[in-house]
Amino acid sequence: MKLISHEENRFVLRLDKREHDALMAVLGLRAHLQRRNPSLMADTITDPRLKEAESDLHTALEENRKSLSDSLTKLMEDPEKVSTQGRGKILTLDISELDLILQGLNDARVTAWESLGSPDLDDGRRPEVNDDNFLGLWTIQATDLFQSFLLAILRGDPEDS
């Protein structure tokens, strides 16, 4: 990924074919990794109002994820925003569109982290790669790279982009 230009609220990025394919794969994996909606209350609570409130929360979260997916699909299929240049792609995005991609990447990262059993990754130890967790670990690594790049350009730090 490379920042080609930045003017006020407009960013132009170039991705080679592998980078674009990886970005699309990560954003697409959000639908295939199991997202958990953990209970917000103890299992022993039986108050029907709390159960209904939790159900409403889970419904709202699912609707939000669906809306995010729909918005990302629309953005990434917009020929004015994503165009082909040689074997790569040019993304012409404003800040809200970069934020949308960051939201999608973060959702993919959190979903992958949950699929791995929510390990403490800050301690520097990662689960050993195997057939069962490869997709989750790859997703975390890919999202880390994309998020780091996008956050660096939003900070105006061309050294990191």
| field | Tally of residues being more than 24 Å from LEU102 (Cα to Cα) and of a type in the set (Lys, Arg) across the stretch 120-147 | value | 1
| note | Quick count over the stretch 111-131, residues being under 19 Å from ARG30 (Cβ atoms) and either without any contact (Cβ under 8 Å) to a residue 40 or more places away in the chain or small (Gly, Ala, Ser) (or both), is 7
| remark: Scanning the stretch 112-123 for residues that are among the charged types (D, E, K, R) and in a helix (DSSP H, G or I) gives GLU114, ASP122, ASP123
| said: Would you confirm whether or not the stretch 112-124 contains a residue that is buried (at least 17 other Cβ atoms within 10 Å of the Cβ), under 19 Å from ASP21 (Cα atoms) and not acidic (Asp, Glu)? | reply: yes
| request: Determine, yes or no, whether LEU102 is touching a residue at least 12 places away in the same chain (Cβ under 8 Å), of a type outside the set (Gly, Ala, Ser), surrounded by 11 or more Cβ atoms within 10 Å (Cβ to Cβ) and in contact with a helix residue (DSSP H, G or I) (Cβ under 6 Å, 6 or more places away or on another chain). | output: yes
| message | Given the condition surrounded by 14 or more Cβ atoms within 10 Å (Cβ to Cβ), at pLDDT 90 or above, more than 26 Å from LYS66 (Cβ to Cβ) and in contact with a Phe, Trp or Tyr (Cβ under 9 Å, 6 or more places away or on another chain), answer yes or no: does some residue in the stretch 145-153 qualify? | response | yes
| query | Looking at GLU19, GLU63, GLU52, which is the one that is surrounded by 12 or more Cβ atoms within 10 Å (Cβ to Cβ), assigned to a helix (DSSP H, G or I) and either modelled with pLDDT of 95 or more or not basic (Lys, Arg) (or both)? | reply | GLU19
| note | Exception for VAL129 within (1) surrounded by 14 or more Cβ atoms within 10 Å (Cβ to Cβ); (2) farther than 25 Å from SER39 by Cα falls at (1)
| query | Quick one: which of ARG126, ARG109 is basic (Lys, Arg) and part of a helix (DSSP H, G or I)? | reply | ARG109
| said: Just to verify a result, which residue in the stretch 109-161, among those that are under 30 Å from ARG10 (Cβ atoms) and basic (Lys, Arg), is nearest to the chain's Cα centre (by Cα)? | reply: ARG109
| task | Kindly provide the set of residues from the stretch 22-44 that are more than 18 Å from GLY117 (Cβ to Cβ) and at pLDDT below 70, ordered by number. | result | LEU40, MET41, ALA42, ASP43, THR44
| Given the residues SER96, SER83, which is the only one that is surrounded by fewer than 16 Cβ atoms within 10 Å (Cβ to Cβ), in a helix (DSSP H, G or I) and more than 14 Å from the chain's Cα centre (by Cα)? | SER96
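The values are calculated or read from the model by the stated rules, or taken from the named source; none is laboratory data. In this text the structure is predicted, and so the values were computed from the model without any measurement. Backbone-built Cβ (ideal geometry, glycine too); neighbour counts: all protein chains shown.
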